[in-house]
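Chemist: Shown below is the structure under consideration.
The values are calculated or read from the model by the stated rules, or taken from the named source; none is laboratory data. Predicted model, so just to flag it, every value in this text is computed and none were measured. When we count neighbours, we look across all protein chains shown, and the Cβ atoms used for this are built from the backbone with ideal geometry, even at glycine.
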Amino acid sequence: MSVTIQVADFDCGQEIAAMTKGRDDIGALASFIGLVRADTLGTENIDSMQLEHYPGMTEKALAEIVAAAEKRWMLQSVRVIHRVGKLLPGEQIVLVLVAASHRGAAFAACEFIMDFLKTRAPFWKKEVSEHYGQWVEARDKDEMALQRWQDAEK
């Protein structure tokens, strides 16, 4: 498991190559790459998104999310990279890369990690346009996505 919070962009191809180098036990890779959308405000496109975090606490929260996925599924490797700072529309925000023996575990774990990351990781996002800035609240649909994982545990 590897979790990184960084300002710099990441190269998905390099991350996949690093994860799979010398490995013949991986049968599936699932990935999610989140990008900054320009149209998030609805009425006016954003110029940028500012992502802030609490160093130490954020990495710990992400590690706990990944550990929960590893407990639930048999995974060979997990890599999470989340960017912070000022990001422009079209730029990469987050990478979740999951390696497993079989695709079902890889797909499910990747989705699980993203659902928990969206709702439980301590990041603060501010969308900024020419006329105003707005802090982003958790969306109901994100909470609903998380709820299905919690319901499945019962």
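Chemist: Name the single residue that is nearest to residue 47 (Cα to Cα) among those in region 80-102 being assigned to a loop (DSSP other than H, G, I, E, B) and under 15 Å from the mean Cα position of the chain (by Cα).
Modeler: Taking the candidates together, the pick is 91.
Chemist: For region 114-143, how many residues meet the condition of being closer than 16 Å to residue 51 by Cα, in a helix (DSSP H, G or I) and of a type in the set (D, E, K, R)?
Modeler: Going through region 114-143 one residue at a time, the tally reaches 2.
Chemist: What number goes with the only condition from (1) under 15 Å from the mean Cα position of the chain (by Cα); (2) surrounded by fewer than 17 Cβ atoms within 10 Å (Cβ to Cβ); (3) within 29 Å of residue 152 (Cβ to Cβ) that residue 52 does not pass?
Modeler: (3)
Chemist: Considering each residue of region 1-15, count those that are touching a Lys or Arg at 6+ places or on another chain (Cβ under 9 Å), among the polar types (S, T, N, Q) and within 26 Å of residue 74 (Cα to Cα), and give that number.
Modeler: 2
Chemist: For region 67-90, does any single residue satisfy the condition of being among the β-branched types (Val, Ile, Thr), modelled with pLDDT under 95 and under 15 Å from residue 126 (Cα atoms)?
Modeler: no
Chemist: Still on this structure, please answer the following. Out of region 10-54, which residues are acidic (Asp, Glu) and assigned to a strand (DSSP E or B)?
Modeler: If the condition is that a residue be acidic (Asp, Glu) and assigned to a strand (DSSP E or B), then 52 is the only one that fits.
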